[in-house]
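Novice: Sharing a structure below in structure tokens format, with a few things to ask.
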Amino acid sequence: MGKMQEYIDEAEAALLHTYNRYPVVFDHGEGVHLYDIEGKKYLDFVSGIGVFALGYGVKEYNDALKAQVDKLLHTSNYYYNVPAIEAAKALKKISGMDRVFFTNSGAEAVEGAIKTARKYAFLKDGRTDHQIIAMEHSFHGRTFGALSVTGTQKYRDPFEPMIGNIRFAELNDIESVKKQVNDKTCAILLETLQGEGGIRPAEEAFLKELRALCDEKDILLMLDEIQCGMGRTGEYFAWQRYGVKPDVMTSAKALGCGVPVGAFLMTEKVGSASLVAGDHGTTYGGNPLGGAAICEVLREFEEKKIPQNAAKVGSYLYEKLEEVKAAHADIIDHRGLGLMQGLEFDHPVAEIINKALEKGLVLINAGSNIVRFLPPLVITEEHVDEMLKVLKECL
Ligand SMILES: *Cc1c(COP(=O)(O)O)cnc(C)c1O
């Protein structure tokens, strides 16, 4: 029995079985390639689900983290630290938002956004029965608040009751949203481009109508940019392409490029009338290591023009996947923006993904019938061609 299988067996004996894992143990990465512990090379079109935007083995990034490790890893949020201050300033600059709260994960950022919305509304009218509208097919994470606003019933059902007062509407159907609005509505939450739920972009007209509706009724528009943000669609945040600015937004995944960090951000209007000292906290969030990671990620994003590369290579990928779709009758749709795209098939795609893995290409699904393309944002057109060659062999 190979060493790889031994590790897999040990993993299955020790870890809680909450994932159906692919039969590979990765060891290291270089650029847009991963290597397993037996030395086999893989082209990575998943980037750890949209995390490793800069690719693997980036010296400046690794050096920045090592320097911070040697200096100071952690203080408490009861004290200030320079990396977190610099990270917050840099995030404000790219987002145009005014206030930042750092977390350790995406779900934790969503929790913070939900608490912000409830507190904002509570301070306005003193009520404790506010409602949040979320979208069908959405995904916001696995903790209770985040799960409660996740629009896939099978993820929620075994864990009922949820936090309550959540209503679901259809993405890109403004009437379905308006039907759910009443005087208790405090926020509308959505992914600007849905990820796990099937790579479904919110349409520009829908976002603009939501913005107008929220302005009219003083409801907070909250955009989850955890997967679609950080350059992936060609802008730092996907909403920037439409000019529809949220009141609250979340970020994580590529924000740390491998260091577990997240954030929720808000405008001054919300920041000055919601959470205050004692309302919210976290031990690790915004610690010096996380701050150093975010600073270096954002520095490299600017220096290497990462969002611009995602736009350029993303439109090449779009063109090529259109050709693939045209050539295969079982592909029923192709959706996405920038380097976040999906091909929807009329059958499950597990076999395609397994075949690709055998051939040294890492792909992932989104739902059972969609192959998702989520490569590191530093890929080139040549890598896209390389990926397509393998993909076509697998179809
Ligand atoms: C991954 C994801 C989350 C949850 O992030 P975690 O870091 O896994 O908690 C939330 N929202 C969206 C859109 C995501 O893609």
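The values are calculated or read from the model by the stated rules, or taken from the named source; none is laboratory data. Owing to the predicted nature of the structure, the values given are computational and were not obtained by experimental measurement. Quick reminder, even Gly has a Cβ in these numbers, built from the backbone with ideal geometry, and neighbours come from all protein chains shown. In case anyone asks, the SASA skips ligands and DNA or RNA and just uses the protein heavy atoms, side chains included. Shrake-Rupley method; radii C 1.70, N 1.55, O 1.52, S 1.80 Å.
Novice: Just how much of Ile37 is accessible, in Å², when a 1.4 Å probe is used and the result is rounded to the nearest 10?
Specialist: Approximately 60 Å² of Ile37 is accessible to the 1.4 Å probe.
Novice: So which aspartates and glutamates can Lys179 reach, going by Cα to Cα under 12 Å and dropping same-chain residues fewer than 8 places off?
Specialist: Glu170
Novice: Follow-up question, since we're still on this one. Picking from Ile219, Val25, Tyr61, whose Cα lies most toward the positive end of the charge dipole for the chain (charges on Cβ: Lys, Arg +1; Asp, Glu -1)?
Specialist: Ile219
Novice: To the nearest 20 debye, what is the magnitude of the charge dipole of the range 60-303 about its Cα centre, counting +1 on the Cβ of each Lys and Arg and -1 on the Cβ of each Asp and Glu?
Specialist: Values: 28 positive and 34 negative charges, 89 e Å.
In total the dipole reaches around 420 debye.
Novice: While we're on this one: Residue by residue through the range 151-158, which ³J(HN,Hα) values in whole Hz follow from phi under the Karplus form 6.51 cos²θ - 1.76 cosθ + 1.60 (θ = phi - 60°), with glycine and proline marked x?
Specialist: 3J(HN,Hα) across the range 151-158, in whole Hz: x, 10, 4, 5, 6, 8, 3, x.
Novice: Here is a further query. Around Gln68, with a cut-off of 12 angstrom between Cβ atoms, what is the net charge of the other residues, counting Lys and Arg +1 and Asp and Glu -1?
Specialist: Counting the neighbours of Gln68, the net charge comes to -2.
Novice: I would also like to ask the following. Please tell me which of these pairs span more than 26 angstrom C-alpha to C-alpha: Lys217/Lys245; Lys208/Lys305; Lys154/Lys208; Lys93/Lys208; Lys154/Lys217; Lys115/Lys312?
Specialist: Violating the 26 Å limit, Cα to Cα: Lys208/Lys305; Lys154/Lys208; Lys154/Lys217; Lys115/Lys312.
Novice: Something else: Keeping all protein chains in place, calculate the accessible area per residue for the range 60-303 (probe 1.4 angstrom), answer in Å². Please report the intermediate quantities before stating the final value.
Specialist: On the way: 10280 Å² over 244 residues.
With all protein chains present, the range 60-303 gives 42 Å² per residue.
Novice: Please list, in order along the range 67-77, the HN-Hα scalar couplings obtained from phi with the Karplus expression 6.51 cos²θ - 1.76 cosθ + 1.60 (θ = phi - 60°), rounded to whole Hz, x for Gly and Pro.
Specialist: Those phi angles translate into 4, 5, 4, 6, 8, 6, 8, 8, 10, 10, 5 Hz.
Novice: Next question. Grab the DSSP H runs of the chain that are 4 residues or longer, score each as -39,500 (n - 2.57), total them, divide by all residues and round the 222 nm result to the nearest 500 deg cm²/dmol.
Specialist: -12000 deg cm²/dmol
Novice: Carbon-plus-sulfur fraction of the accessible area of the chain, 1.4 Å probe, in percent?
Specialist: Carbon and sulfur atoms account for 53 percent of the accessible area of the chain.
Novice: Out of the DSSP beta bridges found with both residues in the chain, what percent are antiparallel (nearest 5)? Please report the intermediate quantities before stating the final value.
Specialist: Numbers: 31 of 48 bridges.
If I count the DSSP bridges inside the chain, around 65 percent turn out antiparallel.
Novice: Let me make sure I get this right: for the range 60-303, a, b and c are the square roots of the gyration tensor eigenvalues over alpha carbons, sorted descending. Under 1.5 in a/c it's rounded, otherwise prolate if a/b > b/c, else oblate. Which is it?
Specialist: Prolate, since a/c reaches 1.5 and a/b exceeds b/c.
Novice: Same structure, new question: Could you pull out every residue, at least 5 positions away or on a different chain, whose amide H is within less than 5 Å of the one on Thr103? Hs are placed 1.01 Å off N in the peptide plane, and Pro or chain starts have none.
Specialist: Amide H neighbours of Thr103: Gly262, Ala263, Phe264, Gly286.
Novice: Still on this structure, I have one more. List the residues, sorted by chain then number, that are 5 or more residues from Ile332 or on another chain and whose placed amide H is less than 5 Å from its amide H.
Specialist: Placed amide hydrogens put Glu344, Phe345, Asp346 under 5 Å from Ile332.
Novice: By the scheme Lys and Arg +1, Asp and Glu -1, what is the net charge of all other residues having a beta-carbon under 11 Å from that of Gly338?
Specialist: For residues surrounding Gly338, the net value is +2.
Novice: Follow-up. Under the Karplus relation 6.51 cos²θ - 1.76 cosθ + 1.60, θ = phi - 60°, what is the ordered set of whole-Hz ³J(HN,Hα) values for the range 14-23, x standing for Gly and Pro?
Specialist: Values, residue by residue: 10, 8, 5, 7, 9, 9, 8, 7, 6, x Hz.
Novice: Okay, moving on. Excluding Glu86 itself, what net charge comes from residues whose Cβ is under 12 Å from its Cβ, given Lys and Arg +1 and Asp and Glu -1? Intermediate values should be presented prior to the final figure.
Specialist: Numbers: positive: Lys89, Lys92, Lys93, Arg299; negative: Glu296.
Residues close to Glu86 contribute a combined charge of +3.
Novice: Within 10 Å of each candidate Cβ there may be at most 13 other Cβ atoms; applying that plus a DSSP loop requirement, which chymotrypsin sites (Phe, Trp or Tyr not before Pro) in the range 313-395 survive?
Specialist: none
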